[in-house]
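Structure first, then comments.
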Amino acid sequence: MRQSPRRGTRMFVLLLAVVVFALCVAKSAWLQPEQIQRNYILALMLCTVGMLAFATGRLAFALVVGGALFYELAFIAAVKFRYLESPLMLSDFVYFVRGSLVQTLGQYPHLWRSAIYTVVIVPLLLWLVWRNDRPLFGRMRSTGLRLGARVAGVAACAMLAWLCLRPDGVFAGVYRADLWSKLSDDAHMTNFFVTAHDMRPTLPPMSDAATAERDWGDTAQGRAPAGAPPDARPDIIQVLEESTFDPSGFAGCTIAQCRVQMFQPDEYTRAHGPLRTHTFGGGTWVSEFASITGMPQSIFGPAGAYAPFVLAPRMHDSLPMQLGRMGYLTIAVYPANGGFINARNAYQAYGFDKFYDIDDLGMKMWHANDEQMFAAAKKIYDENRKAGRPIFMMVLTMAQHGPHDKHPLKELPAPFDQGLLPDLPQAQELNLSAYLAQLQESDKGMSQLERDFLHRPEPTVIMHFGDHQPSFSGVIREMPRTVPAGLEPYRDSLTYFMLKSNFAGPTLPNYPMVDIAYLPSMVLRTAGLPADPYFSALESLETRCGGLYEECPDKSLLHSYHAWIFDHLHVYR
């Protein structure tokens, strides 16, 4: 008996779907470094295919959709880890879809190609498969029986998936990896699912209330103004320089362009030096959080990585809140769309009165250099100073955003297109040359900002700092550098900070390394301003721990500090 063309087409489609699924397994599950991880992802893929097959009644369709979903997930996870050196997490899809997704994609051609593939080719393929796929339950005459079989099948596959996903379930072994492995190894797909349950903030270890009262009770009334404050409360300009660090300590960076003025102290400098940050390669928003609230996001566990969504709404004290209570007008100037990483909502939660995003500034995201950002900030300052209130302005830059190997060396601005760093390997030379070219522009912008605000009679404080090191597409960790004595364990977490004022004030301590969480209290002291009970306690912690936070030698003191600020002051609820 001859096989009908329709049946032959269906058999071909099913065979094709099996091949597609096998290829997707090879490009996702089988890329995991350990066998238990491969089995874990394969089991989740099969459970997903099963749920889709029973839900749609189409096996070939389920194989293609299930396989494609995991392939796309593996691709996105690998790209994110390459450029930001951080794992893909479930919340990324919420945050980046809500934010400036198209503008973000524009920075990474690989993502553009993947997006085009997803929205154009995949729907066409799925339509063809659906049209020629044979219904699984077509021979069941009873509608109720068909519905019951499909519901039971979906429920069974969902139960199997639930057992796989439980930390104490079938694949409990993959959940036992330490946090560093989850953040740094090559098991991108496994880490995506393993970290999905880590998104609930956890508080750090804390002492009992009596111990906290004993250790911190003397800060309960706050601190009076430090030193002799100026006649008028000073304006405060705080600048987060994204992906910026002092390159002069890197071996091979011996040219004059490696030593720029913005890292050099002058007559206005009150404090400067290495800054301990809590992220690498990306995650600017966690450095924003720390420099505004006085807390490193890392004390809240993995969920702290999403501070603008998870932590910001629960904050009940911060530098802008403290300054607002003293009559300051608090302003944020942001180099991206206000929806990017929930920025507009987060800055409102942090206590800012006004928020200007890249659209308000009339500029394009990813294309605004420091000179343009600072000129726009000065214009906003001039417009708002008419209110007669002192101003606190937080300005973010994005001029150094990676990747730094996006263009070949010959396309860099002169003289960097000539190859000024021949002693470095090719990839290192390209990344560092691109960084240095952009750094010259940042230095010009910072010089102008200081002329605008420090070379004038009105009292002013300026603080600028690097939020994290760039990854240089992974090669920066390999680059030899000179690190101050005792700071080698933190070499990948060090940037810089520079704190200046155009008036005299109290002497600030000089630490080998300052945690980014202490910047708010240092700003308050430099400005000659009082501190509320929270910032008074933070300042005391800084002094007693020698500029360290999580690395504070006295862990019992740190535990009592956390009990004081969380259980007594209720800074975070």
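The values are calculated or read from the model by the stated rules, or taken from the named source; none is laboratory data. Fair warning: this is a prediction, and the values are worked out from it, not measured in the lab. Note that each Cβ is placed from the backbone with ideal geometry, even for glycine, and that neighbours are counted across all protein chains shown.
Looking only at residues of segment 240-281 that are in contact with a helix residue (DSSP H, G or I) (Cβ under 7 Å, 6 or more places away or on another chain) and among the charged types (D, E, K, R), we find that the one that is nearest to Phe374 (Cα to Cα) is Glu241. Taking segment 299-326 as the range and being small (Gly, Ala, Ser) and at pLDDT 95 or above as the test, the residues that pass are Ser318, Gly324.
Of the candidates Glu478, Glu550, the single residue that is among the charged types (D, E, K, R) and at pLDDT 95 or above is Glu550.
In a helix (DSSP H, G or I), touching a Lys or Arg at 6+ places or on another chain (Cβ under 6 Å) and within 30 Å of Ile462 (Cβ to Cβ): is that true of Ser536 in this structure? Here the answer is yes, as Ser536 does meet what is asked.
With the condition kept exactly as written, say whether any residue in segment 328-338 is at pLDDT below 95, assigned by TED's automatic domain parsing to the domain that holds Leu449 and not in a loop (DSSP other than H, G, I, E, B). No, there is no match, as no residue in segment 328-338 is at pLDDT below 95, assigned by TED's automatic domain parsing to the domain that holds Leu449 and not in a loop (DSSP other than H, G, I, E, B). Quick one: is Phe465 buried (at least 22 other Cβ atoms within 10 Å of the Cβ), farther than 30 Å from Gln426 by Cβ, among the aromatic types (Phe, Trp, Tyr) and assigned by TED's automatic domain parsing to the domain that holds Ile299? Yes: the conditions hold for Phe465.
Could you list all residues from segment 452-486 that are more than 25 Å from Ala434 (Cβ to Cβ) and either under 23 Å from the mean Cα position of the chain (by Cα) or not in a loop (DSSP other than H, G, I, E, B) (or both)?
Filtering segment 452-486 down to residues more than 25 Å from Ala434 (Cβ to Cβ) leaves 452-463, 484-486.
Once the filter is applied, which keeps residues that are more than 25 Å from Ala434 (Cβ to Cβ) and either under 23 Å from the mean Cα position of the chain (by Cα) or not in a loop (DSSP other than H, G, I, E, B) (or both), segment 452-486 yields Asp452, Phe453, Leu454, Thr460, Val461, Ile462, Met463.
Could you tell me whether any residue of segment 501-508 is touching a residue at least 40 places away in the same chain (Cβ under 8 Å) and assigned to a helix (DSSP H, G or I)? Please lay out each step first, then the result.
Going through segment 501-508, the residues touching a residue at least 40 places away in the same chain (Cβ under 8 Å) turn out to be 501-506, 508.
Okay, now just the ones that are also assigned to a helix (DSSP H, G or I), so none.
Looking for residues that are touching a residue at least 40 places away in the same chain (Cβ under 8 Å) and assigned to a helix (DSSP H, G or I), one finds none in segment 501-508, hence no.
Report, by residue number, each residue of segment 392-424 that is loosely packed, with under 15 Cβ neighbours inside 10 Å and of a type in the set (Gly, Ala, Ser).
The initial filter retains those residues of segment 392-424 that are loosely packed, with under 15 Cβ neighbours inside 10 Å, namely 406-408, 410-411, 413-415, 418, 422-423.
Hit for segment 392-424 is Ala414, nothing else.
Checked against (1) over 29 Å from the mean Cα position of the chain (by Cα); (2) closer than 30 Å to Ala77 by Cα, Ala256 passes all but condition (2).
The single residue among Ala210, Ala232, Ala251, Ala196 that is without any contact (Cβ under 8 Å) to a residue 12 or more places away in the chain and surrounded by fewer than 16 Cβ atoms within 10 Å (Cβ to Cβ) turns out to be Ala210. Scanning segment 461-489 for residues that are in contact with a Ser or Thr (Cβ under 8 Å, 6 or more places away or on another chain) and among the β-branched types (Val, Ile, Thr) returns Val461, Ile462.
Of these, Arg525, Arg573, which one is surrounded by fewer than 19 Cβ atoms within 10 Å (Cβ to Cβ) and among the basic types (Lys, Arg)? Steps first, please.
Numbers: Arg525 fails: surrounded by fewer than 19 Cβ atoms within 10 Å (Cβ to Cβ).
Exactly one of Arg525, Arg573 is surrounded by fewer than 19 Cβ atoms within 10 Å (Cβ to Cβ) and among the basic types (Lys, Arg), namely Arg573.
The set of residues in segment 322-342 that are under 15 Å from Thr293 (Cβ atoms) and surrounded by 23 or more Cβ atoms within 10 Å (Cβ to Cβ) comprises Gln322, Leu323, Thr330, Ala332.
Take segment 170-180 and flag every residue that is in contact with a helix residue (DSSP H, G or I) (Cβ under 8 Å, 6 or more places away or on another chain) and either outside any loop (DSSP other than H, G, I, E, B) or modelled with pLDDT under 85 (or both).
Result: Gly173, Val174, Tyr175, Ala177, Leu179.
Taking the criterion of being crowded, with 18+ Cβ neighbours inside 10 Å and either assigned to a strand (DSSP E or B) or not hydroxyl-bearing (Ser, Thr, Tyr) (or both), the residues of segment 379-391 that qualify are Ile380, Pro390, Ile391.
Condition check: aliphatic (A, V, I, L, M), modelled with pLDDT of 95 or more and touching a helix residue (DSSP H, G or I) at 6+ places or on another chain (Cβ under 8 Å). Does Ile341 satisfy that? Don't jump to the end; show me each part of the working.
Details: aliphatic (A, V, I, L, M): yes; modelled with pLDDT of 95 or more: no; touching a helix residue (DSSP H, G or I) at 6+ places or on another chain (Cβ under 8 Å): yes.
So Ile341 does not fit the description; no.
The number of residues in segment 228-284 being in a loop (DSSP other than H, G, I, E, B), modelled with pLDDT of 95 or more and aromatic (Phe, Trp, Tyr) comes to 2. Looking at Pro509, is it of a type outside the set (Lys, Arg) and assigned by TED's automatic domain parsing to the domain that holds His278? Criteria met by Pro509. Annotation note: Cβ proximity below 8 Å between a residue of segment 450-462 that is in contact (Cβ under 8 Å) with a residue 40 or more places away in the chain and a residue that is among the hydroxyl-bearing types (Ser, Thr, Tyr) and not in a loop (DSSP other than H, G, I, E, B) (sequence gap 6+ or interchain) occurs for Phe453/Thr460; Leu454/Thr460; Leu454/Ser501; Pro459/Ser501; Thr460/Ser501; Val461/Ser501; Val461/Thr526; Ile462/Ser501. Listed by first and then second residue, the pairs linking a residue in segment 9-34 that is closer than 11 Å to Asp133 by Cα to a residue that is aromatic (Phe, Trp, Tyr) and surrounded by 20 or more Cβ atoms within 10 Å (Cβ to Cβ), with Cβ atoms under 8 Å apart and 6 or more places separating them unless they lie on different chains, are Ala17/Phe61.
The rows are residues; the columns are (1) under 24 Å from His367 (Cβ atoms); (2) not basic (Lys, Arg).
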residue	(1), (2)
Leu424	no, yes
Gln438	yes, yes
Arg451	no, no
His455	no, yes
Met463	no, yes
Asp467	yes, yes
Ser493	no, yes
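Let's see how each residue does on (1) more than 25 Å from Tyr328 (Cα to Cα); (2) in contact (Cβ under 8 Å) with a residue 24 or more places away in the chain; (3) surrounded by fewer than 22 Cβ atoms within 10 Å (Cβ to Cβ); (4) of a type outside the set (Gly, Ala, Ser):
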position: Pro489; (1), (2), (3), (4): yes, no, yes, yes
position: Met498; (1), (2), (3), (4): no, yes, no, yes
position: Ala517; (1), (2), (3), (4): no, yes, no, no
position: Asp532; (1), (2), (3), (4): no, yes, yes, yes
position: Phe535; (1), (2), (3), (4): no, yes, no, yes
position: Ser540; (1), (2), (3), (4): no, yes, yes, no
